[in-house]
1. Out of (1) away from the ligand (no atom under 16 Å from the Cβ); (2) more than 15 Å from the chain's Cα centre (by Cα), the odd one out for residue 103 is which?
2. Pick from 34, 62, 22, 16: which is surrounded by 15 or more Cβ atoms within 10 Å (Cβ to Cβ) and at pLDDT 85 or above?
3. Please pick out the residue among 110, 114 that is within 27 Å of residue 29 (Cβ to Cβ) and within 16 Å of the ligand (Cβ to nearest atom).
4. Test of understanding: among 60, 64, which residue is away from the ligand (no atom under 16 Å from the Cβ), assigned by TED's automatic domain parsing to the domain that holds residue 32, out of contact with any strand residue (DSSP E or B) (no Cβ under 6 Å at 6 or more places or on another chain) and in a loop (DSSP other than H, G, I, E, B)?
5. Looking only at residues in the stretch 89-100 that are away from the ligand (no atom under 16 Å from the Cβ) and in a strand (DSSP E or B), which one is modelled with the lowest pLDDT?
6. Within the bounds of the stretch 74-81, is there any residue that is under 20 Å from residue 36 (Cβ atoms), assigned to a strand (DSSP E or B) and away from the ligand (no atom under 14 Å from the Cβ)?
7. Report yes if residue 120 is within 16 Å of the ligand (Cβ to nearest atom), exposed (fewer than 15 other Cβ atoms within 10 Å of the Cβ) and at positive phi, otherwise no.
Ligand SMILES: [Zn+2]
């Protein structure tokens with residue numbers, strides 16, 4: 001619903017619902033859980049909004065393709081086997097797994113760790129192709 005909020009106060013919103021062209025759905029808890037787990041494992045979890053997770057979960061649940069130019073959305077979708085179409089970009093060609101690392105001591109951390117536990121420097125983000 002957040003994705004179409006700009007239509008909420010226009011007559012077209014009601015018309016789309018009445019005609020069955022707009023259906024508001026919530027994804028299941030199971031598909032949300034799977035998407036969050038996948039995004040955590042790939043290192044994309046901190047780059048996805050609540051709406052991103054919701055829309056990926058629904059696409060997975062319904063077997064529908066996605067239309068997104070957002071790289072974290074594309075990465076998680078690709079891992080889950082969801083077809084993604086891009087409008088303004090070429091899209092991703094490889095699945096990436098993101099990690100954080102310390103530039104000073106090269107210690108590797110999960111993507112949610114922003115400070116090195118050994119030396120205290122800020123961590124940086126990097127990926128490796130799967
Ligand atoms: Zn360090």
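The values are calculated or read from the model by the stated rules, or taken from the named source; none is laboratory data. Keep in mind the model is a prediction, meaning the values are calculated, not measured. In this analysis, Cβ positions are derived from the backbone assuming ideal geometry, glycine residues included, and neighbour counts consider all displayed protein chains.
1. That leaves (1) as the condition not met.
2. Numbers: 62 fails: surrounded by 15 or more Cβ atoms within 10 Å (Cβ to Cβ); 22 fails: at pLDDT 85 or above; 16 fails: at pLDDT 85 or above.
Selected residue: 34, the only one of 34, 62, 22, 16 that is surrounded by 15 or more Cβ atoms within 10 Å (Cβ to Cβ) and at pLDDT 85 or above.
3. Numbers: 114 fails: within 27 Å of residue 29 (Cβ to Cβ).
Selected residue: 110, the only one of 110, 114 that is within 27 Å of residue 29 (Cβ to Cβ) and within 16 Å of the ligand (Cβ to nearest atom).
4. Details: 60 fails: in a loop (DSSP other than H, G, I, E, B).
Answer to the check: 64.
5. Pass one, the stretch 89-100, residues away from the ligand (no atom under 16 Å from the Cβ): 89-98.
Subsequent filtering for residues that are in a strand (DSSP E or B) retains 96-98.
Working: 96: 83, 97: 86, 98: 88.
In this case the residue turns out to be 96.
6. Narrowing the stretch 74-81 to residues under 20 Å from residue 36 (Cβ atoms): 74-81.
Next, only the ones that are assigned to a strand (DSSP E or B) stay: none.
No, every residue in the stretch 74-81 fails to be under 20 Å from residue 36 (Cβ atoms), assigned to a strand (DSSP E or B) and away from the ligand (no atom under 14 Å from the Cβ).
7. On the way: within 16 Å of the ligand (Cβ to nearest atom): yes; exposed (fewer than 15 other Cβ atoms within 10 Å of the Cβ): yes; at positive phi: yes.
For residue 120, the condition - within 16 Å of the ligand (Cβ to nearest atom), exposed (fewer than 15 other Cβ atoms within 10 Å of the Cβ) and at positive phi - is met.
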